[in-house]
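Just so you know, all these numbers are worked out from the coordinates, no wet-lab data involved. Just so it is clear, the structure is predicted and the values come from calculations on it, not from any experiment. Neighbour counts are summed over all protein chains in view; Cβ atoms, including those assigned to glycine, are modelled from backbone coordinates with ideal geometry.
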Amino acid sequence: MSLLQRVTSFESLSPERFSPERGVSPAGSRDRKLSFSPLPESWVPPALEESSQAIGAFEVPKAKRILQVLTAVIYCLFAAGIVFGYAAIKPVLIREQVYRHLCTRDELEKAVRTCYDQEIHLNLMFTVAAVGTNVAALPIGAILDSLGPRICGIIGSFLLAFGAVMFAFAKQFPFDGFIPGYLFLALGGPFVFISSFQLSNTFPKHSGLILALLTGAFDSSSAVFLIYRIIYQWTEEHFTPKKFFLVYLIVPALILLVQVLYMPKASYKTVGELVRQMEEADSNDYDDQVDEHTALLRDECRQRRQSVVSEITSLLGSKSGGKQVKQEERKNAISGVWGAMHGKTVSQQILSPWFFLIALFTVIQMTRINFFVATIRPQYEYFLSSYDAAVEVNTFFDVALPVGGILSIPFIGMVLDNTSTAFVLSALVTIASVIGVLGVLPYQWAAYANICLFVLYRPFYYTAVSDYSAKVFGFRTFGTVYGLIICLAGLFNFSQSGLDALLHRVFGGNPVPVNLILLGCALVSGVSLCVFVGVKAYTMRRDGLEEEAEDAREVVMPGFQNPERL
């Protein structure tokens, strides 16, 4: 999960959006346009008419926009991040003896619940899916920008369908169909999820609520496998994975249907683009070459412009979007590091300590998170010396994971908007350290406390990383820089197979050494990041004060020329 999480829809209000390099001049300084066009006003080149240009929300009926948002929330709930419910479906796969044929004769005779090779392959299935989800961040953004959200949604529906079919018939294939099947399910989720972000611009005044609903749907989607496991146990194991995934094909079929019928072909315009559209409408003049025909044309165009301005004003709540601009400026000032690497080239940003430290911290933390999700049951079976107690802990985790994601959403927004980036990173490192300590204590209360903290920390961590990337590197290079961070973290997750080998072969199932190694690495990288950001924030604040002092005008005190009067 990583890709939305807190990329605000007001990105276009950033000053760099209006920079000369982008080819767009600020309002008031743009070149004067010709006042009369020799072509009919309604004529649009066919090539442009067919392109997937961004559309204003005011051009789409309100009821249709509401339907689009509700539909996106529903299908994200069933498809966006179902693979992260791996801890819930893993017991079902074990009961169905998936990869059981890899066990040795000696292990089978001992009737072990899972053998080493079986455990490794099951966890590898989740690892590959997690890696695929994160690596997909790079191409999905490009596809969305060039082909639009509808094509992204359609691609996602086909990937989900293909993954479900492969998983359903995995045992019938002459090759291992479970890993590629789970991978395609993982790839389909981001396509339908990321393409839904732009729907926050359907109602700009409520964009935060829409993003929260989409994020909550993503976090809750992990409960799909939990619900299936409950049904599997209730039907006394008759509702097999094959039956479930064949029924699940209804989800990608419905996603495909709604994409074709009424979901937007092109992305909605952001607040900044709507404001710029109003400015351009206000700047158009038709005062030259006035005759009877052009006078009528001018009146018609003026009425059309006034209608557009009125619609946009109603949509934004103000003509200039000034409220949103002030809110963003306030949050940027609070962060303390906003704009630190804005205007730099991608290579300069990637080679800087700003990138290296956050990438290192993200790589380690994502590995810790996915390792815990994949091994929670064997870890607590060792700690509590009871299989039944480990099952209870695992069940609690399956329920808490989606619930925690939903509960944390409003608090995450409050923390990120009202505290500095240095404070946020310090909180991340502190909470991660507490989780690490709880993760090595062999007590039941520590297990439940660890899970409660973990399910709240996970969305906070992912959101904070994207928020850091946006504030430090800027939106012009956000897709490349943030995508590379997540991509590197995803690729490094292949090290989880090595961690599994350490856990089962080297340490005999004792998770304490592995957890301590991960905790130590996270602590070193996290403290280094916090110290660097704290120092830079102090330096930037001091430099800002010095610049303000240099730019301040001298004020002559009364009586300066006649000291006798004082």
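Give me the distance in nm between label points sitting 7 Å out from Cα along the Cα-to-Cβ direction at PHE356 and ALA501, one decimal.
About 2.9 nm separates the two model spin labels.
For VAL260 and THR345, what does the FRET efficiency come to when R0 = 41 Å and r is the distance between their Cβ atoms, rounded to the nearest 0.05?
Details: r = 40 Å, r/R0 = 0.99.
Computed FRET efficiency for VAL260 and THR345 comes out at 0.50.
Based on the Cβ-Cβ distance from TYR116 to LEU249, what FRET efficiency comes out when R0 is 30 Å, to the nearest 0.05?
Numbers: r = 34 Å, r/R0 = 1.14.
Between TYR116 and LEU249 the formula returns 0.30.
Whose amide H sits under 5 Å from the amide H of TYR268, counting only residues 5 or more places off or on another chain, with H placed in the peptide plane?
Residues meeting the criterion, in which the H sits 1.01 Å from N, are ILE55.
Can you give me the long-range amide H partners of VAL337? Hydrogens built in the peptide plane at 1.01 Å from N, cutoff under 5 Å, separation of 5 or more residues or another chain.
HN-HN under 5 Å from VAL337: THR421.
Could you work out the local net charge near TYR228, counting Lys and Arg as +1, Asp and Glu as -1, over the other residues with Cβ closer than 13 Å to its Cβ?
On the way: positive: LYS90, ARG95, ARG229, LYS242, LYS243; negative: GLU96, GLU237, ASP398.
Around TYR228, the charge tally is +2.
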